[in-house]
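The values are calculated or read from the model by the stated rules, or taken from the named source; none is laboratory data. Predicted model only: the values in this text are computed from it and were never measured. Cβ sites come from the backbone with ideal geometry, for glycine too, and all protein chains shown count toward neighbours. Heavy atoms of the whole protein, side chains included, go into the accessibility calculation; ligands, DNA and RNA do not. Shrake-Rupley method; radii C 1.70, N 1.55, O 1.52, S 1.80 Å.
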Amino acid sequence: MSSNRVFRPSRFTILTPHDAGGAVLYNSLRGSVFYVRDPLAGRVHDLLHNRSARFSADEAEAGPERARLITALAERGYVVPEDHDEGAEAKELRDARLQRRDTLELILMPTESCNFRCTYCYEDFALGRMLSGVREGVRELVRRRHAEGGLKALRVSWFGGEPLVAFDVIEELSEYFLEFAAANGIDYRAGMTTNGYLLTPDVAERCVDLGIRQLQITLDGPRHSHDASRPLMGGGATFDDIVANVRGLAESGLDFSALLRTNFSPSNVGSVPELLEELGGIVDGDDRFQVIFRPVGKWGGANDAGTETATGREAEDAKLALYHDAQCHDLPSGDTRTLRPGGSVCYAANPWSFLIRPNGIVNKCTVALRDARNMVGRLSPDGALNLDDSLMRLWTDNDEAHDTGCQACFFRPSCQGAHCPLIRIQDGVRPCPPQKVWIGPNLRTYADLAAERAKAAADV
Ligand code: SF4
Ligand code: SF4
């Protein structure tokens, strides 16, 4: 055998049978998902099931058909040259992320106040508008980072509370970011997580003008279930206003992408298909919109005791079924990046990502806001983050590198042991994401949705 034509199964490849026959192949270092029909699936299984197998792609040795199959698998990364060091490649992926110096990601809270009182919310709304010294600190931080290392990318995510409650803060800082980025050749992108209530057509247009183009808006089912879990502060319905604003977005010619998110629990999950039907009619196949579904959890805070959660395999199955439902209404899943290399890593694990609170406290994670381990620094008006290095390492260096289980995991390139640093910190366990724990149902759904999309495109 000539050595460069000898292959072995990639340690990051997994093959899962499909209920409808055939199998789905996935490689987490390439992010490649591929459906293989029967009887080919059987031949692929024979090649891949023994991790220590070696096989030649030379026609003279393998025969033309098998050689073609091995070559096709190699092109998609499912098999690799026998001497290829995949572990080193996965390590490089993680190291490159950690060593990035030309990117700054800021999750900014212009206020922690909110006009809603969602039943499962973990926030305490204690801090109001971002202080002027903090706003100055944010501007200086961007200036400093660029002066120190030459920023190539600036990513800003507006978060709250409800960010639109302090829209003037967003406008003030966004104008600065736009101008600074344009003057210095920096790729600037911004997004906002909003409850959508104040996102009227005029505000949406202003957001897009300010470069805020990735929107996330939450609707927890049709009117009756959404209004039960996401009422106004002081009570009052919110569904109709949010839907009117989503309609406004859909009818606009604005350049944005919107993730429509639904938080589900056993009590509202059955009503979500009704919402999807309504949204499908509004969005009407507009590819600026995608949907994501998240199980409600006990996310900390005063509401935990009374919060009904969705967990485990049942929650995952419910989520995947909702993606099927959504696809039937031409609402594509916004969850597909989680299978890509690095796609399951939380931003809190990135040394260049910071959450800036209205009082200047610097956090890593957007959930455990009051956990002392999450308060890694304090932004001063001169732009210094005043970071505590050992606290920073808890979030950024507490991952696959120190975990033998992660080192052996087929999902490592996607998760890097850093899906949720908070879980490692608080519970001391590996934070395996649901898409890895239930990889079979996830891959089958991913492949089905891709096939349905391709069919819909062919039907047009
Ligand atoms: S660390 Fe975990 S809880 Fe915190 S933002 Fe990341 S995924 Fe969410
Ligand atoms: S945390 Fe879990 S899924 Fe992530 S790399 Fe480690 S073992 Fe794999």
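A few points about this structure:
- Kirkwood hydrodynamic radius over Cα pairs of segment 65-214, then Stokes diffusion coefficient at 20 °C and 1.002 mPa s, in µm²/s: 116 µm²/s
- Dividing the mean sequence gap of close Cα pairs (under 8 Å, 6+ apart) by how many residues segment 322-373 holds gives a relative contact order of 17 percent.
- Per-residue accessible area (protein heavy atoms, 1.4 Å probe) orders Leu173, Leu98 as Leu98, Leu173, starting from the largest.
- Fully extending the segment from Ser390 to Ala182, taken as 0.36 nm per residue of separation minus the present Cα-Cα distance, adds 71.4 nm.
- Apportionment of accessible area to carbon and sulfur, segment 7-119, percent (1.4 Å): 50 percent
- Pair Thr200, Asp102: separation of 7 Å Cα→Cβ label points (nm): 4.3 nm
- Considering only alpha-carbon pairs that sit under 8 angstrom and 6 or more positions apart, the relative contact order computed for the chain is 17 percent.
- Distance between segment 61-120 and segment 226-282 - C-alpha centres, whole angstrom: 32 Å
- Ranking by accessible area, most exposed first, for Arg66, Arg76 with a 1.4 Å probe: Arg66, Arg76
- The label point for Arg54 and the one for Arg143, both projected 7 Å from the Cα toward the Cβ, are 6.2 nm apart.
- Amide H contacts of Phe293 (H built 1.01 Å from N, in plane; Pro and chain starts excluded): Thr262 sit under 5 Å, all sequence-distant by 5 or more or on other chains.
- Unit charges at the beta carbon, dipole of the chain: most positive-side option, Leu260, Pro441, Thr200: Pro441
- Lys436 accessible area, assembled protein chains, probe 1.4 Å, Å²: 50 Å²
- A straight chain from Glu452 to Arg68 at 0.36 nm per residue would run longer than the Cα-Cα distance by 135.5 nm.
- Nearest 10 degrees, 0 to 90: helix 64-75 Cα axis against the chain principal axis: 20 degrees
- Orphan Cys of the chain, criterion: no other Cys C-beta under 4.7 Å: Cys114, Cys207, Cys328, Cys346, Cys365, Cys406, Cys409, Cys415, Cys420, Cys432
- Put simply, the amide H of Ser10, placed in the peptide plane, has neighbours under 5 Å in Val79, Val80, leaving out anything fewer than 5 places away on its chain.
- Note on the chain: Cα-only Rg and Dmax are 23.6, 77 Å.
- The residues Met375, Met392, sorted by heavy-atom accessible surface at 1.4 Å with ligands and nucleic acids left out, run Met375, Met392 from largest to smallest.
- Average accessible area per residue (Å²) across segment 3-84 - probe 1.4 Å, nucleic acids and ligands excluded: 51 Å²
- Ordering Gln407, Thr311, Ser174 by the projection of their Cα atoms onto the charge dipole of the chain, which places +1 on the Cβ of Lys and Arg and -1 on the Cβ of Asp and Glu, puts Gln407 at the extreme positive end.
- In this structure Arg337 has an accessible area near 130 Å², from a 1.4 Å probe over the protein heavy atoms.
- Phi to ³J(HN,Hα) by Karplus 6.51 cos²θ - 1.76 cosθ + 1.60 over segment 422-430, Hz, x for Gly, Pro: 4, 5, 4, 5, 7, 10, x, 10, 5
- Counting only DSSP H runs of at least 4 residues, each contributing -39500 (n - 2.57), and dividing by the residue count of the chain, the helix-based mean residue ellipticity at 222 nm comes to -12000 deg cm²/dmol.
- Rounded to 10°, Cα long-axis angle of helix 272-283 versus longest principal axis of the chain: 80 degrees
- Ser157 sits with roughly 40 Å² accessible to a 1.4 Å probe, with DNA, RNA and ligands left out of the calculation.
- The chain: angle of helix 132-149 to the longest principal axis, Cα-based, in degrees nearest 10: 40 degrees
- 3J(HN,Hα) from dihedral phi, segment 375-381, Karplus parametrisation 6.51/-1.76/1.60, rounded to Hz, x for glycine, proline: 9, 8, x, 9, 6, 9, x
- Working value for segment 101-339: equivalent-ellipsoid semi-axes of 31, 21, 18 Å, each the square root of 5 times a Cα gyration tensor eigenvalue, largest first.
- Rounded to whole Hz, the Karplus (6.51, -1.76, 1.60) HN-Hα couplings of segment 445-451, x for glycine and proline: 5, 4, 5, 4, 5, 4, 5
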